[in-house]
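What follows is one structure encoded as structure tokens, with my remarks underneath.
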Amino acid sequence: MYEDLRWLAISWSEGPDCGGPFAPYSQSQRREFYLAAWKKLRDKSAIYPCTCSRKDLAASASAPNDLDDEPIYPGNCRARRDALSFEKPAGVNWRFRVPDGEEITFEDQHFGQQRYVAGGDFGDFVVWRRYDVPAYQLAVVVDDNAMRISEVVRGADLLKSTARQLLIYRALGLQAPQFYHCDLIRDESGARLAKRHDALSIRKLRESGWTADQARERVMAL
Ligand SMILES: [Zn+2]
């Protein structure tokens, strides 16, 4: 990604490669930040330990509304009240207890007003994985807050995750940033680009002799 970004003449002022005021920038070096958030959420009973196996979940989970999304958790472990007996998160999955039926709304800077229903559009999602790493949803909230990010720009596939993350911001007592979600780049048939579209990856275009200007023009024309 560094190579591709540099080839496109996109530069940055902070990051794992160049440092900056909020270093370290690698998630693997930021465990203490995530752990502090986990403790806070555990103390408030905003999260609970889940010992369901993949098999348990496959048997009872309802199908997601859209293909990309994770199934809604059926709530098997929701009534557990033993969160405080865990001094460390490792060994179980930790799920965020979403406020069932609550509408989560936000103004996306590109797509406008967004509305999701907790417990309907998404269920109790994982914030810490049993093999002892924070899940994406928790890590981005903690990092964006610690690094004083004022506007998050990312793909439209993460619109619904914004609703999940707003719940984490609220539970941690943090101010959420603004969000701008971009349209996804799609192929001729409308499918979003994935690994099977390797021929269209920036690296492959670069190797086959495209210039950065050609790649930029092609994307702008989509
Ligand atoms: Zn469970």
(request) Just name the residue that is farthest from GLU14 (Cα to Cα) out of those in region 141-175 that are in contact with a Leu (Cβ under 7 Å, 6 or more places away or on another chain) and free of Cβ contacts under 8 Å to residues at least 60 places away in the same chain. (result) ALA156
(request) Hey, could you check region 31-55 for residues that are part of a loop (DSSP other than H, G, I, E, B) and not polar (S, T, N, Q) and say which is most open to solvent (accessible area, probe 1.4 Å)? (result) LYS44
(request) Can you give me the number of residues within region 56-70 that are open to solvent by less than 60 Å² (accessible area, probe 1.4 Å) and either near the ligand (Cβ under 8 Å from one of its atoms) or at pLDDT 90 or above (or both)? (result) 1
(request) Check GLN113 against each of (1) under 12 Å from the mean Cα position of the chain (by Cα); (2) among the polar types (S, T, N, Q); (3) surrounded by fewer than 16 Cβ atoms within 10 Å (Cβ to Cβ) and name the one condition it does not meet. (result) (1)
(message) For the structure I just gave you, tell me whether ARG80 is open to solvent by less than 20 Å² (accessible area, probe 1.4 Å) and not aromatic (Phe, Trp, Tyr).
(response) no
(request) Those residues that are closer than 30 Å to ARG31 by Cα and of a type outside the set (D, E, K, R), I need them from region 91-104; list them, please. (result) GLY91, VAL92, ASN93, TRP94, PHE96, VAL98, PRO99, ILE104
(request) Only strands (runs of 3 or more DSSP E) wholly contained in region 81-126 count here; list those with 3 or more residues that are within 16 Å of the ligand (Cβ to nearest atom). (result) 93-96
(message) Please go through (1) touching a Gly at 6+ places or on another chain (Cβ under 8 Å); (2) open to solvent by 30 Å² or more (accessible area, probe 1.4 Å) for TYR73 and return the number of the only condition it doesn't satisfy.
(response) (2)
(request) Identify all residues within region 1-30 that are in contact (Cβ under 8 Å) with a residue 24 or more places away in the chain, surrounded by fewer than 13 Cβ atoms within 10 Å (Cβ to Cβ) and not aliphatic (A, V, I, L, M); write none if there are none. (result) GLU3
(request) Give me the pairs, please: first residue somewhere in region 176-202 and closer than 15 Å to THR162 by Cβ and modelled with pLDDT of 80 or more, second residue anywhere and among the aromatic types (Phe, Trp, Tyr) and assigned to a strand (DSSP E or B), beta-carbon distance under 8 Å, and either six or more positions apart or on two chains. (result) ALA176/PHE106; PHE179/PHE106
(message) Filter region 166-222 down to the residues that are open to solvent by 70 Å² or more (accessible area, probe 1.4 Å) and under 30 Å from TRP38 (Cα atoms) and list them by number.
(response) ARG170, GLN175, GLN178, TYR180
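The values are calculated or read from the model by the stated rules, or taken from the named source; none is laboratory data. Because the structure is a prediction, the values reported are computed rather than measured. FYI the Cβ positions are ideal-geometry reconstructions off the backbone, even for glycines, and counts take in every protein chain you see. In case anyone asks, the SASA skips ligands and DNA or RNA and just uses the protein heavy atoms, side chains included. Shrake-Rupley method; radii C 1.70, N 1.55, O 1.52, S 1.80 Å.
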